[in-house]
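The values are calculated or read from the model by the stated rules, or taken from the named source; none is laboratory data. For clarity, every value in this text was computed on a predicted model and none was experimentally measured. Ideal geometry is used to build each Cβ from the backbone, glycine not excepted, and the neighbour counts take in all protein chains shown. Surface accessibility is based on the protein's heavy atoms, side chains included, excluding ligands, DNA and RNA. Shrake-Rupley method; radii C 1.70, N 1.55, O 1.52, S 1.80 Å.
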Amino acid sequence: NQRKMRSSRYFNAKMALWKDYLVFSADDALVNNVISVLEKKYPALSDSLPQLDKTAVVLNPPKVAELIKQAALDSFPAEQESLFRESVSRRMFPALDRIKKFSAVSVVWPSKAPSEKPSWEELTWRTQ
């Protein structure tokens, strides 16, 4: 099917029902990964977080930088977009390589109960 589609971005879409969860992705490998985590074959990110109920966001700069780099490479195939690919490689990739040196962080909600009225809340940044 990939040859018929003539694209490296061809995916086998998949939908799965696992207990009370309905999982869908255009990439069947991601559905398989989710089910493996739900079946406790692999650890979930939440298993490694302290105070899960207070964690709002987890940022992993090395992973995000690699994801952006791969997306850029996929978006600019060398044989079709050589000029853009060269520009991205020369200008953006060095910045992404610098970002990869940062450690992962999480943003944690305050330990006190949030205000009843809309207001700014103080968040805490923690390194992983």
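Under the rule of -39500 (n - 2.57) per DSSP H run of 4 or more residues, summed and divided by the residues of the chain, what mean residue ellipticity at 222 nm is obtained, to the nearest 500 deg cm²/dmol?
Details: 4 runs with 48 residues, N = 128.
So the helix-based figure for the chain works out to -11500 deg cm²/dmol.
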Give the carbon-plus-sulfur fraction of the accessible surface of the chain in %, rounded to a whole number; probe 1.4 Å, heavy atoms of protein chains only.
57
If you average 1/r across every pair of different Cα atoms in the chain and take the reciprocal, what Kirkwood value do you get, in Å?
18.5
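Number of Lys pairs in region 12-77 with C-alpha atoms less than 24 angstrom apart, excluding same-chain neighbours closer than eight positions?
Details: Lys14/Lys40; Lys14/Lys41; Lys19/Lys40; Lys19/Lys41; Lys40/Lys54; Lys40/Lys63; Lys41/Lys63; Lys54/Lys63.
Lysine pairs meeting the criterion: 8.
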Ranked order, Trp109, Trp18, Trp120 - accessible area, probe 1.4 Å, largest first:
Trp120, Trp109, Trp18
Surface accessible to a 1.4 Å probe, per residue, for the residues of the chain, Å²
82
Shape verdict for region 20-86, please, from the Cα gyration tensor: rounded (a/c under 1.5), prolate (a/b greater than b/c) or oblate.
oblate
Among Lys100, Lys14, Lys117, whose mean-square fluctuation peaks in a Gaussian network model of the chain (Cα, cutoff 10 Å)?
Lys117
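Give the calculated FRET efficiency between Asn33 and Lys101 to the nearest 0.05, with a Förster radius of 25 Å applied to their Cβ-Cβ distance.
Details: r = 27 Å, r/R0 = 1.08.
Here the calculated transfer efficiency is 0.40.
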Expressed in square angstrom to the nearest 10, the accessible area of Ser89 with a 1.4 Å probe stands at 40
Using a 1.4 Å probe and ignoring any ligands, DNA or RNA, find the accessible area of Ile99 and quote it in Å² to the nearest 10.
70
